[in-house]
Each structure stands twice: as structure tokens, then as C-alpha cells.
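The values are calculated or read from the model by the stated rules, or taken from the named source; none is laboratory data. Everything numeric in this text was worked out from a predicted model, so none of it was measured. Every residue, glycine as well, gets a Cβ built from its backbone with ideal geometry; the counts of neighbours run over all protein chains shown.
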There are 2 protein chains.
Amino acid sequence: MNAGRTARDRARAELTHEIKAAARRQLATEGAERLSLRAISRELGMVSSALYRYFPSRDDLLTALIIDAYDALGATAEAAAQESENDYPWDPLATWTAVCSAVRDWARANPHEYALIYGSPVTGYKAPQTTVEPASRVPIVLLGLLSRAHAEGWLSPLRSAPEVDGVLADQVDVLAELAPGVPRKTLLRVGIAWTQLFGMISFELFGQLVGTMDPADEFFAAATRQMAEFIGLRRLAAVGE
Amino acid sequence: MNAGRTARDRARAELTHEIKAAARRQLATEGAERLSLRAISRELGMVSSALYRYFPSRDDLLTALIIDAYDALGATAEAAAQESENDYPWDPLATWTAVCSAVRDWARANPHEYALIYGSPVTGYKAPQTTVEPASRVPIVLLGLLSRAHAEGWLSPLRSAPEVDGVLADQVDVLAELAPGVPRKTLLRVGIAWTQLFGMISFELFGQLVGTMDPADEFFAAATRQMAEFIGLRRLAAVGE
DNA sequence: CACTGTCAAGAGCACTGCTCTCGGTTTTGT
DNA sequence: ACAAAACCGAGAGCAGTGCTCTTGACAGTG
């Protein structure tokens, strides 16, 4: 458990970190599929075969990068939420937009790592179970925010929305475990907003918006605001309505 | 102009088609980034260098596959819209959901071609201008549907939605050219619904929904319905409201 | 000191995209 | 009808890839 038990352990941890850093650098210039172990080893001044002592295969290195990316994005979202949660009076709509913007900003700052986790999956690469926990950090932030907003009376009842039943009700209920008390109607719409958020970011990053919403700042802001209203997050001034 | 003017032209067209077919087959088993010209040539019983007579580079082959995919998806969407447009009385909400479902079904039937056009862009590959026209066929279908719906009084005025101004108004106005008469508020929401649709499909195909909305049929149906209402498409019974 | 596990190095395999040259065929212009 | 031009597939070859295997050197522990 001790991080630097022996000199060998320390050297190994350090080199592992350096390999991932070089891989990330290469990810930015060459892309995920052209990630080359030999190029990394060249950059690090070592022989290619030595890399296999640290990552048994190219896929294992990819897995490490994917987990790191999920964790970095998750930490960004958590930080944005945290920063906004302490305001008084707390404004869940502001927190919602802050988290969404933080996710977008991270994606724009790290487009290749974003593509690695939210783009088309690398073929022949089977994501191991270890990736699902870091992948769920962003949804957990959003659901936690919703849960607190509900507890404090910030959620509209969505009277006009249809009831959620059947298979969908069961599926929505697994979200409810992370957002106790939030009604199904709201949770379903959170799922819709969730896919909208990442769909929009992917479109922006992957060039699907050029010609229309290309500088996407205003589109993103408007969409985020309207989706927040869609799921029933009230504006600060509108609590008692 | 004549398709089979000479024997050589005919042979060339046929071989071009066979190469793309083999490439598509390999796309399904190996993925876009592992698409190998040598493997294609092996499958076709020819020498690898001969392929370069038909596609000057791997990127050119990819471009052809991308254009074909956009065209196939566009044709699917157009067919779905056409089929629903002729119903009487015409129900634009039904057409909307039909087009969305058709897009999803095509994506599920051709996941690798979908990933090719809506997944992370292949690194080092610069999409030429020739791809934008086939890429716009689906948006054109949706906007045309909205335009007709507006002309026939099927669109709610979206009174509670905020005004669209500034840069966003200009961006939305380029959509307006494809959907004459449709108000900005509606067009902005169409953009939001558009990103939601493809975000949802991508999440389903790329495995981001497992653990929650995994069999996504009901989620998809509910989301499509609610997004249609979001953009103001009225239900058939609610025209006069 | 000796043993055990870890390390970098290097050769080697089968593969990739791509280029170039070669001889043969087809199409085209006159 | 015939020569010139365009096109074609075959093959060799280049520089690069992921990955495996063996070899010899080193550090940590008994």
C-alpha cells in the first residue's frame, strides 16, 4: 500500500506515469487509433519492448487512458458542482448550467480524451468492468444535484408530462437510487437531457455543427437553459410559483 | 454520362463497388481504424497496389464509405417521411417519430457505418467538402417536415420560450432557409432535439446506456415523443387548442 | 553469497499504407 | 486501321506498426 516502498516501486510508478503522459501527448497529435507504443518508447528514450513490462498490451494502455479520462472529467464536474453548491441562497439552476459548462469546457480542452470515452468505441477493444465506476461520476453529480433540488423544493412537478410506467419505470428506478425522492417523470427527463448534453458536445467537437451552430457558445447556453427548464429546475426568482 | 460506355468503364464501376462492399464488410468485423487495404485486396484476390488505381489513398476510400453511409441514412429518413406524409389526415407528430425511429433503426442495423459518420472522426482524416451535402439530408427532412407542419397550423407558438437573438438568431436563420416561415424559437428547439436524437442513438450504440436504459426502445420512444412536444408539434387531437 | 524476480535490450515475425517500375491490354484520336 | 495515349494488374520494395522471445544485467531478500 505504501506508495514508495522500495526504490524499484517508486521508479516503476514514476515511469508508468510518464508513459501515460507521453501517450496522452501522442493522443492529442495523432489520435487514439494511431497511438503507437514504439513512438512513445522513442519519446521516452527507451526500447519498445520495455513498455510491455508496464502495460501488457496496447489495449491495457488504452484502458488506463480511458479510466484517467473518465476520472478527470468526473473530477471536473464534481468541482464545478461543489463550487456552486456552497452559494447562498443555493441556485440549482446555476449549478446545473455550471456542471454542463464544465463538462463542455473539459471536452473542448481535451477533445481527444473526450473522443476516447464518448466517441465510437475502439474496435476490437472490450471495455473492462473497471471503467464503469469512473464513467458514472458525471451522472452521479447531476442526479445528486437533482436530489438536493427536489428535497429543497426547487423542482416543478411536471404536471403535463406523461406518466412513466412499464419497463421504463423499472429502468428509471435504478436512477432513483442515486437521486432519492425525485419523481420518475423528472428522472426520465434527466436522462433525455443527459443524452442531449453529450450529443451536443459530440456534435460540436466532431464538426457536425459547422455551417449552422458552429461557434456553439450561445447554442450551448440556450440549450442548457432550456433543458434545465425541461426537467423542471425553476429559476431562483420563481420558487413560490 | 452513359454508365457503361466502354467495357473498361463497366469493369471499373463494378470493381469499385466490390471494393467498397468488401471494405464495408471489413468495417463491420474490424472497425474503421483497422480497415486494411491489403486485407481488402486479399479478399478480392488482387494485389494491394492495384487498389490504388481505384482509391488513391486509404482516406479516399474512407470518404467514399462516409458519403455512402450519409446517403443511405438520408434515403432511409426520406423514405420514412415520404411514407408518412401521404397519410390523411396528415399527422406531423407521427411523421416526426417515424423519421426518428427510421434513423435509429438504420443506426442499429448498420452500427459501424453509423460510427463512421457520427462517432469520433478518424484521426488525420480531413472530411472533404463533398461530404456536407449528403450529411445534410436528415436535417433537411426534419426541417421540411417542420415547415409543412407550420404552414398547416400544427405548430404551437411556444409562448413560454425565450426570444432568440444575437449571434444565435443569425445561426438559426440559416436553418430558416430550409424551413421557411418556422419561427426562431421553434428552430432553436429543433436544433436541440436534433442533438438529443443523435446523442441518444450514439449512447445506445456505444454502450453508454448499459446499466440504466439498456434496452432503449421505450426510452427512445418516450424521448422522441417528449422532444416533439418540446418543439411544439401538437398531437392530432389537439389541433384547435 | 546465492537466489529470485524485474528490468532494458535486441532480434525477429507478420502486418500495414504507400510508391515505383514493368509489361500487357484497352480505348481513343487521327 | 493504326499508332499514341491511357489504363490496368503484378511485383518488389520502403518505412513503419504491435507484439513475442531470448539474453544478459541488476536489485532485493534469504
Give the residues of segment A:149-176 that are of a type in the set (D, E, K, R) and more than 24 Å from residue B:209 (Cα to Cα), sorted by residue number. A:152, A:159
Can you pull out every residue in segment B:61-72 that is under 16 Å from residue B:38 (Cβ atoms) and either within 16 Å of DNA strand D (Cβ to nearest atom) or not hydrophobic (A, V, I, L, M, F, W, C) (or both)? B:61
Restricted to segment B:28-45 and to residues being at pLDDT 90 or above and surrounded by 12 or more Cβ atoms within 10 Å (Cβ to Cβ), the residue nearest to residue B:57 (Cα to Cα) is B:37
Checking residue A:132 against (1) more than 11 Å from chain B (Cβ to nearest Cβ); (2) modelled with pLDDT under 95; (3) in a helix (DSSP H, G or I), which test does it fail? (1)
Which listed residue, of A:120, A:147, is in a loop (DSSP other than H, G, I, E, B), in contact with a Gly (Cβ under 9 Å, 6 or more places away or on another chain) and more than 16 Å from DNA strand D (Cβ to nearest atom): A:120
Hey, residue A:24 under 22 Å from the mean Cα position of the chain (by Cα) and under 21 Å from residue B:122 (Cα atoms) or not: yes
Take residue A:107 and decide whether it is away from chain B (no Cβ under 14 Å), of a type in the set (A, V, I, L, M) and within 30 Å of residue A:207 (Cβ to Cβ). no
Among residues belonging to segment A:181-226 that are surrounded by fewer than 21 Cβ atoms within 10 Å (Cβ to Cβ) and of a type in the set (Asp, Glu), point out the one that is nearest to the other protein chains (Cβ to nearest Cβ). A:218
Could you go through segment A:69-87 and let me know if any residue there is over 28 Å from residue A:205 (Cβ atoms), outside any helix (DSSP H, G or I), in contact (Cβ under 8 Å) with a residue 12 or more places away in the chain and not hydroxyl-bearing (Ser, Thr, Tyr). no
Assess whether residue A:21 counts as being hydrophobic (A, V, I, L, M, F, W, C), more than 14 Å from DNA strand C (Cβ to nearest atom) and touching a helix residue (DSSP H, G or I) at 6+ places or on another chain (Cβ under 8 Å). no
Spot the failing condition for residue A:165; the list is (1) in a loop (DSSP other than H, G, I, E, B); (2) under 27 Å from residue B:184 (Cα atoms); (3) within 12 Å of another protein chain (Cβ to nearest Cβ); (4) of a type outside the set (Ser, Thr, Tyr), and only one is missed. (2)
Of all residues in segment B:25-57 being within 14 Å of chain A (Cβ to nearest Cβ) and assigned to a helix (DSSP H, G or I), which is farthest from DNA strand C (Cβ to nearest atom)? B:28
In segment A:112-126, anything under 17 Å from residue B:112 (Cβ atoms), touching a residue at least 24 places away in the same chain (Cβ under 8 Å) and within 17 Å of the chain's Cα centre (by Cα) is listed as A:115, A:119
Does residue B:172 qualify as being without any contact (Cβ under 8 Å) to a residue 24 or more places away in the chain and more than 29 Å from residue B:71 (Cα to Cα)? no
